[in-house]
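Read the structure below first, then the notes.
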Amino acid sequence: MPLCDVIIIEKVNNMDLKINYVFKNEKLLQVALTHSSFAHEAKSNIINNERFEFLGDAVLELIISSFIFDQFPELPEGELTKFRASIVCETTLAKIARELNLGEFLKLGKGEEHTGGRNRDSILADAMEAVFGAVYLDSGIEGAKKFIIELMKNSIFDLRKSFKLNDCKTYLQEIIQSKSKSSLKYNIVKESGPAHDKVFVIEVSHCGKILGRGLGKNKKEAEQNAAFDAIKKIENQQ
């Protein structure tokens, strides 16, 4: 075996320990780390990671769908779809790849190397999916599930915190309904400014208790801001 191959494998093993997975068939990881530009420039029968990426994408979507379905029973189908999309998107996968220093171990062609391919979101995200595909081929669906969830669960729960605030009114309603059957009320307490530039101040209350206050250029915005204010106050009390 050429010396350069030994060095690559040793570095890959170091990375394996970092991601808490050791391949039984190390050739699978080598393929997952091989970009098409490297295979093209080599002009030989080197296999690139595109097929692994295809497989990893499907495996990732299934595992994440199952996980968030179980973990977040409060989310309806439409919200689950949007939440899954925020998890399996290029930005999230590239972020995880950077945390693993995955770019350091990619085999890239000279062109991609010179144009910053090791830090490009699209290449990192694709490589991450290829690694997921390689783990699936190496350990099956249960091995892939364990690997993916351990790697991504912190990102999933962090995203849930920001995702739930995209619709503050709905999330506040979920919080209240888990403890009470009484509904929330949104009341305009102040309205100022000319017709073309009004400002609304709205308070949200529950059973006569004011939970939060928000202002906005329209009623919808003010209600969302009031709900957000209420959510933050509730979370600070917990």
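Quick rundown of the values:
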| read-out | value |
| --- | --- |
| Residue within segment 139-156 that is modelled with pLDDT under 95, of a type outside the set (A, V, I, L, M, F, W, C), more than 27 Å from L62 (Cα to Cα) and touching a helix residue (DSSP H, G or I) at 6+ places or on another chain (Cβ under 8 Å) present | no |
| Criterion: more than 30 Å from Q173 (Cα to Cα), outside any loop (DSSP other than H, G, I, E, B) and aromatic (F, W, Y) - qualifying residue of F69, F157, F83, F132 | F132 |
| Residue check for I149: touching a Phe, Trp or Tyr at 6+ places or on another chain (Cβ under 9 Å), more than 25 Å from P73 (Cβ to Cβ), among the hydrophobic types (A, V, I, L, M, F, W, C) and surrounded by fewer than 17 Cβ atoms within 10 Å (Cβ to Cβ) | no |
| Subset of segment 1-45 (residues that are assigned to a loop (DSSP other than H, G, I, E, B) and either surrounded by 10 or more Cβ atoms within 10 Å (Cβ to Cβ) or at pLDDT 90 or above (or both)) | I19, N20, Y21, V22, F23, K24, N25, L33, H35 |
| In segment 56-102, the residues that are loosely packed, with under 15 Cβ neighbours inside 10 Å and either among the aromatic types (F, W, Y) or not assigned by TED's automatic domain parsing to the domain that holds F147 (or both) | F69 |
| Some residue of segment 103-119 being surrounded by fewer than 16 Cβ atoms within 10 Å (Cβ to Cβ), among the charged types (D, E, K, R) and at pLDDT 90 or above | no |
| Any hit, segment 180-198, residues being exposed (fewer than 15 other Cβ atoms within 10 Å of the Cβ), β-branched (V, I, T) and under 28 Å from F69 (Cβ atoms) | no |
| Odd one out for H114, checked against (1) in contact with a helix residue (DSSP H, G or I) (Cβ under 9 Å, 6 or more places away or on another chain); (2) over 17 Å from E50 (Cα atoms) | (1) |
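The values are calculated or read from the model by the stated rules, or taken from the named source; none is laboratory data. Just so it is clear, the model here is predicted, and its values are computed rather than measured. Glycine also receives a Cβ, built like all others from the backbone with ideal geometry; neighbour counts cover every protein chain displayed.
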